1. Can you confirm whether region 111-131 contains a residue that is assigned to a helix (DSSP H, G or I), touching a helix residue (DSSP H, G or I) at 6+ places or on another chain (Cβ under 8 Å), closer than 25 Å to Ser182 by Cβ and within 16 Å of the ligand (Cβ to nearest atom)?
2. Determine whether Lys252 is surrounded by fewer than 16 Cβ atoms within 10 Å (Cβ to Cβ) and either at pLDDT below 95 or hydrophobic (A, V, I, L, M, F, W, C) (or both).
3. Kindly list the number of the only condition in (1) in contact with a Leu (Cβ under 6 Å, 6 or more places away or on another chain); (2) assigned to a loop (DSSP other than H, G, I, E, B); (3) among the aliphatic types (A, V, I, L, M) that fails for Ala282.
4. Among the helices (runs of 4 or more DSSP H) confined wholly to region 37-101, which include 3 or more residues that are within 16 Å of the ligand (Cβ to nearest atom) and either touching a residue at least 12 places away in the same chain (Cβ under 8 Å) or under 24 Å from Thr139 (Cα atoms) (or both)?
5. If you scan region 181-192, which residues turn out to be crowded, with 24+ Cβ neighbours inside 10 Å and either of a type in the set (A, V, I, L, M) or under 15 Å from Pro127 (Cα atoms) (or both)?
6. Give me the pairs, please: first residue somewhere in region 261-290 and modelled with pLDDT under 90, second residue anywhere and aromatic (Phe, Trp, Tyr) and in a helix (DSSP H, G or I), beta-carbon distance under 9 Å, and either six or more positions apart or on two chains.
7. Which condition breaks for Met160 when tested against (1) on the phi > 0 side of the Ramachandran plot; (2) in contact with a Lys or Arg (Cβ under 7 Å, 6 or more places away or on another chain)?
8. Of everything in region 8-38, what is over 27 Å from Glu157 (Cα atoms) and among the hydroxyl-bearing types (Ser, Thr, Tyr)? Give them in sequence order.
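The values are calculated or read from the model by the stated rules, or taken from the named source; none is laboratory data. Note that this is a predicted model, so its numbers are computed, not measured. All Cβ positions, even for glycine, are placed from backbone atoms using ideal geometry, and neighbour counts span all protein chains on display.
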Amino acid sequence: MKVYTLSGSLGGEAILIVKGQAAALVDSGFDFCGDQLAAKIKDTLGDIPLGEIILTHSHYDHLGGCVAIQQIYPDAKIIANPLVRQIIAKESARATMRKLNHEAAAAAGKPAIDRIDQLKIDYDLAPGETRQSVLGPITAISTPGHTRCSTSYYLPEDEMLILSETTGVIVDQHYAPCFVVSYAATVESFDRCAKFHAKRIIVPHYGLIEGHRAEEFLEKSRAASIGAAEFVLEHHAAGQSEEEILKEYADKYYYGLCDKAQPELAFFINTSTMINRVIKEAEQTAAGKN
Ligand SMILES: [Zn+2]
């Protein structure tokens, strides 16, 4: 098995997995640079066909390149959590994706191309379900926390876990927390993934991690997420508003760390939601204990 981290533009990484004469892509990057990513896939694969695009969640920087890639590989089938199909059916969600795609294109100094309206999911794979993929059997695992639809996948033949962004990413050797919609669900998702004791993991935006480093990633990334939640709660307890916490959080976790890889608008949308949810969940937990 060979694994390649390919990108049409920084922040739009997709992970190409090649097993013998079969290949599948994990996520598909941004829409605006989908053609460049498709060309890199073609350069890497040569005559090997791309059989599938496996989506980890519905964010614009993960599914945006699908249409461009299917123009080069019409037989590549898109597999996703059924929630992804529901989300892309909503015009409001596609409008947000277009807006963020434009922002990412502008930041990269490239023209924006919008193909999101043409995107069609070929196969729903609900959490707990298994199907035969070009890489062998693949089981979807619910890992909500980054989004509700965030899904990881286990490939038992290769003892490989394809992770979603709920369990964080690595940017410039830093563990970057990525939870947004729920901190509680994120901690559960970490625990669910750790139980597989996978020999290989695929980390979104980053690529393959093998052996003891796979388990180490989940432990350290989990600690980084817990640290981020504690950062929010400590500043909240000190009387800061959510906007003040957002500003300090950005200084600690974004500028100089992830600002080259993630456009500012997407960071601020995600992080303001995350701060709000961390505070709300802590209040609910405290109320439940009384
Ligand atoms: Zn995302």
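1. To start, the set of residues in region 111-131 that are assigned to a helix (DSSP H, G or I) comprises 116-118.
Imposing the further condition that a residue be touching a helix residue (DSSP H, G or I) at 6+ places or on another chain (Cβ under 8 Å) reduces the set to 116-118.
Going one step further and asking which of them are closer than 25 Å to Ser182 by Cβ, we end up with none.
Within region 111-131 (the criterion being assigned to a helix (DSSP H, G or I), touching a helix residue (DSSP H, G or I) at 6+ places or on another chain (Cβ under 8 Å), closer than 25 Å to Ser182 by Cβ and within 16 Å of the ligand (Cβ to nearest atom)), the answer is no, since none of the residues qualifies.
2. Values: surrounded by fewer than 16 Cβ atoms within 10 Å (Cβ to Cβ): yes; either at pLDDT below 95 or hydrophobic (A, V, I, L, M, F, W, C) (or both): yes.
Taking the combined requirement at face value, the residue satisfies it.
3. The one condition Ala282 does not meet is (2).
4. Details: elements: 60-63, 66-72, 82-88.
Of the helices (runs of 4 or more DSSP H) lying wholly inside region 37-101, those with at least 3 residues that are within 16 Å of the ligand (Cβ to nearest atom) and either touching a residue at least 12 places away in the same chain (Cβ under 8 Å) or under 24 Å from Thr139 (Cα atoms) (or both) span 60-63, 82-88.
5. Residue satisfying the conditions is Ser189 alone.
6. Note: pairs meeting the criteria are Ala266/Tyr60.
7. (1)
8. Across region 8-38, the qualifying residue is only Ser9.
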